[in-house]
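These notes concern the structure reproduced below.
The values are calculated or read from the model by the stated rules, or taken from the named source; none is laboratory data. Keep in mind the model is a prediction, meaning the values are calculated, not measured. A quick note on method: Cβ atoms are made from the backbone with ideal geometry, for glycine too, and the neighbour counts reach across all protein chains shown. SASA here: full protein model, heavy atoms, side chains in, ligands and nucleic acids out. Shrake-Rupley method; radii C 1.70, N 1.55, O 1.52, S 1.80 Å.
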Amino acid sequence: MSLPETHAAKIRVLVVDEHPMLRHGIITYFNCQSDVTVCGEADDIPRTQSKVAECRPDLLLIGLRLGTGDSLEFVKALKAQYPKLLILVYSAFEEAIFAERALRAGANGYLMKKATREEMLIAVRDVLRGQIYVSRELALRAFQKSLETQSQHRLSEKAPRVENLSDREMHVFQLVGSGLGTRKIAHALNLSVKTIETHRGNIKGKLGLHSGAELTERATAWVMENLLPQQRNEISVVKKKKVVPFRAA
């Protein structure tokens, strides 16, 4: 008598993104795979916390833009609470700036939203095998960067570049560029107005800016150039706006 076939347990994935249509597409694609099943979905940080506790996924696929919430801080908190949880960040934010930040926060991989469905599946499977996933282009850039001399590195650190902002400063910078004032940012991040003013001062210093108006102008231009084009690619129909439409916290 032949023994019944045994099937390996499917990879349980929790999909987190603020756009319902995008979530639906990812979920449908994953559920068509023989080795992957979606155990839940969420669109913000509080719902994600509940879903992780409820369905205990093997892997969390999470976007970086979840309202005004600080997704990188959330990734750090999740890894501290669930050390075995694998996290793949799936984002429109430029990987040259955000991939290293996501990996430092505890993510196991970073995938751009412009990647193909097949590449997404490769990334999920690589992370499940214990590998770190980034694009080949980013891996090559990281290798080239490692070949730079120490003096070149020091010059780069002193240059007034957005990349030199800390994770928190980068988040505040994005919110400034999205049209939020100091008090609204403080409320959204549950921080004091004085703390946000300190962050704004540090950002101005690192970017060589001399006034709040210059900071707002630089941040708005950066958001328009780096975030809005990707957002227009995420959803088929979207009206052109002057600021990134973060939801209220």
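So the values come out like this:
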| quantity | calculated |
| --- | --- |
| Answer from 73, 54, 41 - the residue that is out of contact with any Phe, Trp or Tyr (no Cβ under 8 Å at 6 or more places or on another chain), within 23 Å of residue 170 (Cα to Cα), acidic (Asp, Glu) and open to solvent by 60 Å² or more (accessible area, probe 1.4 Å) | 73 |
| Filter result (open to solvent by 30 Å² or more (accessible area, probe 1.4 Å) and either assigned to a helix (DSSP H, G or I) or in contact with a helix residue (DSSP H, G or I) (Cβ under 8 Å, 6 or more places away or on another chain) (or both)) within segment 172-181 | 179, 180 |
| Boolean, residue 64 is open to solvent by less than 30 Å² (accessible area, probe 1.4 Å) and modelled with pLDDT under 90 | yes |
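Yes/no matrix, rows are residues, columns are (1) modelled with pLDDT under 85; (2) open to solvent by 90 Å² or more (accessible area, probe 1.4 Å); (3) among the hydrophobic types (A, V, I, L, M, F, W, C):
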| position | (1), (2), (3) |
| --- | --- |
| 211 | no, no, no |
| 214 | no, no, no |
| 221 | no, no, yes |
| 225 | yes, yes, no |
| 228 | yes, no, yes |
| 231 | yes, no, no |
| 243 | yes, no, yes |
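Let's see how each residue does on (1) over 21 Å from residue 172 (Cβ atoms); (2) at pLDDT 90 or above; (3) over 15 Å from the mean Cα position of the chain (by Cα):
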{"position": "2", "(1), (2), (3)": "yes, no, yes"}
{"position": "26", "(1), (2), (3)": "yes, yes, yes"}
{"position": "48", "(1), (2), (3)": "yes, yes, no"}
{"position": "58", "(1), (2), (3)": "yes, yes, yes"}
{"position": "98", "(1), (2), (3)": "no, no, no"}
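A quick yes/no check of all residues on (1) under 22 Å from residue 205 (Cα atoms); (2) open to solvent by less than 40 Å² (accessible area, probe 1.4 Å); (3) at pLDDT below 65:
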{"site": "123", "(1), (2), (3)": "no, yes, no"}
{"site": "137", "(1), (2), (3)": "no, no, no"}
{"site": "158", "(1), (2), (3)": "yes, no, yes"}
{"site": "161", "(1), (2), (3)": "yes, no, no"}
{"site": "164", "(1), (2), (3)": "yes, yes, no"}
